[in-house]
Amino acid sequence: MHLAILVTNTDKSSFAAQHPLDGEKFTRLIHLARPDWQTTAFQIHEGHLPRDLDTFDGALITGSPASTRSGLPWIAPLLELIQQIETAQLPLFGACFGHQAIALALGGGVETNPNGWVHGLIPNQMRARPAWAQQLPADFNLYGSHSEYVARLPAQARESATSTGLNAGFYIGNHIWTSQHHPEMSPEFITALTREMREDLGPERYAQAQDSLSQPADQAAFAESLARFYEQAQ
């Protein structure tokens, strides 16, 4: 399969330059389950949209430090692209910002997380299990970092997971699936990111995040679920 990675990460800091970019991180995630699949990254945040998505077997939208509600000039074209993808029923996965962008594009709503920053290894509770996620535990852990969340699902969506009592993922039919969290992050990256965000998180949340990282994420199981998502949608 050949997947389009729609990169929305606007981080150009020296920290970002020291770590794999999102195109590489998501390629590694896919290759955990299907090492022969191909990926092509498009820098959506720089206005580089794919000309013809019909040449791909599926797409995914990455995370970003930007807010889906910021009004940045590249966000409206991305939301239009999501609507086109949904109409074509090309399989589409969204992580964090991507999850929120898909919700907004399809009639949902995004708000500031009432719990403030959510960061570290985050427990998820499965609410409705799509067929492609049979190997994911009912309670599974993913790395996360966000301060906004999907407060209202699109009308046609079904909630697939919650975390801290809030939505953490949804799916539509067999062609859209999302997660509020970051299945692509490695232990090394989330550890470095936690140190980088120490001041933003504050002492208490920083300590909680550090403690959470002593446990592993369910990355391999999620990667397999993601691969099966694309396969069953063909």
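The values are calculated or read from the model by the stated rules, or taken from the named source; none is laboratory data. Because the structure is a prediction, the values reported are computed rather than measured. So basically every Cβ, Gly included, is an ideal-geometry build from the backbone, and we count neighbours across all protein chains shown. Keep in mind that these areas ignore ligands, DNA and RNA; they rest on the heavy atoms of the full protein, side chains included. Shrake-Rupley method; radii C 1.70, N 1.55, O 1.52, S 1.80 Å.
Residues in the stretch 119-228 average 43 Å² of solvent-accessible surface per residue, probe 1.4 Å, ligands and nucleic acids excluded. Helix content alone sets the calculated 222 nm mean residue ellipticity of the chain: runs of n ≥ 4 DSSP H residues at -39500 (n - 2.57) each, divided across all residues, give -10000 deg cm²/dmol. Remark: the stretch 71-206 carries a charge dipole of roughly 340 debye about the Cα centre, counting +1 on each Lys and Arg Cβ and -1 on each Asp and Glu Cβ. Rounded to 0.05, the FRET efficiency of the Q125 and D200 pair, given R0 = 30 Å and the Cβ-Cβ distance, is 0.70.
Look at [x] 23.1; [y] 18.3; [z] 17.5: the one that is Kirkwood radius over Cα pairs in Å derived from this structure is [z]. A straight chain from S13 to H48 at 0.36 nm per residue would run longer than the Cα-Cα distance by 10.6 nm.
Could you tell me what percent of the accessible area of the stretch 8-133 is made up of carbon and sulfur, with a 1.4 Å probe and every protein chain present? With neighbouring chains kept in place, the figure for the stretch 8-133 is 49 percent. Between Q89 and E24, the distance separating the two model label sites (each 7 Å from Cα on the Cα→Cβ line) works out to 3.8 nm.
Basic side chains Lys and Arg get +1 at the Cβ, acidic Asp and Glu get -1 at the Cβ, and with that the dipole of the chain about its Cα centre reaches some 280 debye. The mean accessible area for residues of the stretch 22-104, using a 1.4 Å probe and ignoring ligands and nucleic acids, is 44 Å² per residue. A dipole drawn for the chain from +1 and -1 charges on Cβ atoms has a positive end, and of L60, G120, A161 the residue lying farthest that way is A161. In order along the stretch 149-162, the Karplus-derived 3J(HN,Hα) couplings, from 6.51 cos²θ - 1.76 cosθ + 1.60 at θ = phi - 60°, round to 8, 7, 8, 9, 6, x, 4, 8, 7, 10, 5, 9, 7, 10 Hz, and Gly and Pro are given as x.
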